[in-house]
Every structure is written in C-alpha cells, then in structure tokens.
Amino acid sequence: YRVILAFVPIDDSRTLLYLRSFRRNATWPPLGWLVDTIDRTLNRWILGQDRKVVMSQEPPNSLQGEEVLLGSDRFIRHFREWMSR
C-alpha cells in the first residue's frame, strides 16, 4: 500500500491537497471497489480532522508566528529560507 500526498499552493493563504493511494491487493473487482470505497471514506474523514486542526491554528500564516524547529525540521527551514528570497 502506498500513499502519495502533494500540497500545491494556490495563493498566499490557500493550498490544494492531492492524495493518491495505490495497492496491489484486492484484485477481484467487487472487492477492489469495496476497498477503494472504504479507503476514500477514511481518507476524507482523516483529512477533515486534520483540516479542523490546521484551520484552528494561530496565527493562520505559520511564517508570522514564532516556533522552534528541530534538526529533523531542516527541510522546513530550508524551504522557508528559499521562499523568503
């Protein structure tokens, strides 16, 4: 089972999320349809929960707040440095 997520900025305050999942099991079409339906339903539910958390964060723009980035966050730091140029 593989999941690919792509976060695509639309403008300064909105981002579009693309989610694609791949699997090699459930090759029998009726079972595949059922697994796909359950997968889509669960992904929508999980993403809905995540959206509530993100929308409740203050400040709305993470570049405006103060935060402490750890060593494992170096990609975030580099990305933000690149965006500020």
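The values are calculated or read from the model by the stated rules, or taken from the named source; none is laboratory data. Every value quoted in this text rests on a predicted model; they were computed, and no experiment measured them. Counting neighbours? That spans all protein chains shown, and the Cβs are built from the backbone with ideal geometry, glycine included. Areas reflect the complete protein model, heavy atoms only, side chains present, ligands, DNA and RNA absent. Shrake-Rupley method; radii C 1.70, N 1.55, O 1.52, S 1.80 Å.
At-a-glance table
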quantity	calculated
Positions within the stretch 73-85 being open to solvent by 100 Å² or more (accessible area, probe 1.4 Å) and assigned to a helix (DSSP H, G or I), in sequence order	74, 75, 77, 82, 83
Residues of the stretch 35-60 satisfying the condition of being more than 23 Å from residue 2 (Cα to Cα) and either touching a helix residue (DSSP H, G or I) at 6+ places or on another chain (Cβ under 7 Å) or surrounded by 10 or more Cβ atoms within 10 Å (Cβ to Cβ) (or both)	54, 57, 60
Residues (more than 22 Å from residue 17 (Cβ to Cβ) and assigned to a helix (DSSP H, G or I)) located in the stretch 42-71	71
Residue tally, condition within 30 Å of residue 79 (Cβ to Cβ) and either assigned to a strand (DSSP E or B) or open to solvent by less than 80 Å² (accessible area, probe 1.4 Å) (or both), over the stretch 5-34	14
